[in-house]
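Trainee: My questions will all concern the structure given below.
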Amino acid sequence: MSRRLEIELTSTRPDGSWTWRAAGAKQPKGDLDGALLPEGTEVGAVLRVEAEFMVDGIEIVSVLPQKAERKGPELLEIIGSGKEEPLVTTQLAPKGRGKGKGDRRKRGRERSERSDRPRGPRPDPVPQRPQPKRLRPRRTHRDAALAEVPDEMRPIAEQVLRGGVPAVRDEARKQNELAKSQNRPEIPLDQVVSMAEKLLPDLRAAEWLDRAEAARDSLEELDLRDLRSVVVAADGAARGEEARKLRDELAAGLTRRVEEEHALWIADMQANLDAGRFVRALRLSSRPPKAGTPLPPELAQRLVGEVSKGLNAGTKQELYAAALDALSFSPVHAKVTPAGRPEKPSEDLLEAARRIADKAPAVAELFGVDPSEANAARKRRKKARRDSRGSERGRSSGESKG
C-alpha cells in the first residue's frame, strides 16, 4: 500500500543512489534511486515522496512536487454599501525622480554589467537518454494471499506486509503498554510473533510474484536497480516451479541488460568528452551499471587528460568547484593534475579543494591545502546545510505565526 512521507536526504553514494530517513526522526530510513530526484537536490533536502511499504523494507517510488507558492493576490468578496459608485478609480503618481526610477536604473546597470562579462564557448549539446522506468507492481498475488488468511489473523498479516515481523513485534509491544496503563489484559507477544513468522513466507512469495511479473513486463526499460532487487529477493521468495522459471528468466535478462548498459555507459562518457562536458563525464564515471566495474584503461586515461586540461586558470570558479565535487567520487580522482587554478580562488572553491584534498594529492598541492583538513571541511559543509535548513524553518514558522 502506497503512502506519502516527508523524508530527509542523508547522503549520496557513488552508484547514484541516496540514503534517507523520516524528516525529523531516526526511523524509518532506507535508500532511493537518484534518478527520482529533481536536478540540484543536495544532501539535507526535505522532500515529499510516495512510498511502497514492502515486506523487505520501504521503496520510494516517486518524489512529489513541492507545493507551489500562490502567484496572485488572495481575492476578497466585496459586499458593498449599495450605493452607485465608479467601478474603476485612477490616481496619477507625481512627476519626479523618485526611488522607483533610481532602482530601475540600478537594476539596468547590473544587467548591463552581467551582459558585459566574458563568456566562454558553451559545450556542444549531448542527447540525453530517457529515464529508466521504475517498478510498478500490481497486487494480484498479494491480495489473493491476504484473502486466504483467517479474519482474526488479517491485522497481523497486513502488519507483516507493512514492515515484516519486527513491525508486528513493535506494534504488539505498544498495544501491551497501552493495555497495561488502562488495566486491561495484555496480548500474548510470543504467540503473535509466532503467527507473523508463519505468515511471512507465503506473503513474501506473493509479494515477490507481483514484483517479478511487473519486472518481466517492462524488462527492457526497467531501472537496473529495481531489476537487480527482484532477482536478489528471489532466493528466499521464489517458491514453486513457475516462480523458479520466472526467476531464471529475470536473471538472464539482468545479465544481458548489464552488458548493454555497460556499453552505453562507456559511449555516454565518450560522447560527453567529445562535447567538452568533462564534469558530466566525471559524474558518469562514478555510476557504472554494476558496482565496482573499472573504467577501460584507454577511457580512464582520456578522462584524466580532459579533466586535467579543463581545470585551468581560466575555468569559471563555479564550474571548477563542481568538477572537484564530481572528481571526489570518480575512480580517477588520484590521477588528475589540474593545469592551473584561478588567480584568486573564492572561499567556495577553496572549500571544495579542502574536501577532496585527501583523495586528490595534485589538487591539494595546487591549492596549498592540507589533506588532513578534508574531513573537517566535509563536517563544515554538513553543518552549514543543517544551519540553513534550521533558519529556513524558523522563517517559515515566524511567517505562519505572523
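Trainee: Kindly state, to the nearest 0.05, the FRET efficiency for E343 paired with A179, given R0 = 60 Å and r defined as their beta-carbon distance.
Mentor: Efficiency, rounded to the nearest 0.05: 0.25.
Trainee: What is the extension gain from S11 to E261, computed as 0.36 nm multiplied by their sequence separation minus the C-alpha to C-alpha distance, in nm to one decimal?
Mentor: Full-extension gain reported as 87.5 nm.
Trainee: What does the convex hull of the Cα atoms come to per residue for region 168-263, in Å³?
Mentor: 112 Å³
Trainee: Let me ask something additional. State the extension gain, in nm to one decimal, for the chain segment bounded by K26 and K309, taking 0.36 nm per residue of separation less the distance between their alpha-carbons.
Mentor: Fully extending the segment from K26 to K309 adds 97.5 nm.
Trainee: Along its principal axes, what span do the Cα atoms of region 260-299 show, with the longest given first and each in whole Å?
Mentor: Here the Cα extents, ordered largest to smallest, are 26, 17, 16 Å.
Trainee: Placing +1 on the Cβ of each Lys and Arg and -1 on the Cβ of each Asp and Glu in region 140-261, which of A243, V232, T255 has its Cα farthest towards the positive end of the resulting dipole?
Mentor: In region 140-261, that residue is V232.
Trainee: Let me ask you something else. R0 = 45 Å: FRET efficiency of A291 with R162, Cβ-based, nearest 0.05?
Mentor: Efficiency at R0 = 45 Å is approximately 0.95.
Trainee: Note down the nm distance, to one decimal, between modelled labels 7 Å out along Cα→Cβ at E197 and at R48.
Mentor: In this crude label model, E197 to R48 measures out at 4.2 nm.
Bear in mind these aren't lab numbers, they're just calculated from the coordinates by the rules spelled out. Everything numeric in this text was worked out from a predicted model, so none of it was measured. Positions of Cβ are backbone-derived with ideal geometry, glycine not excepted, and every protein chain shown enters the neighbour counts.
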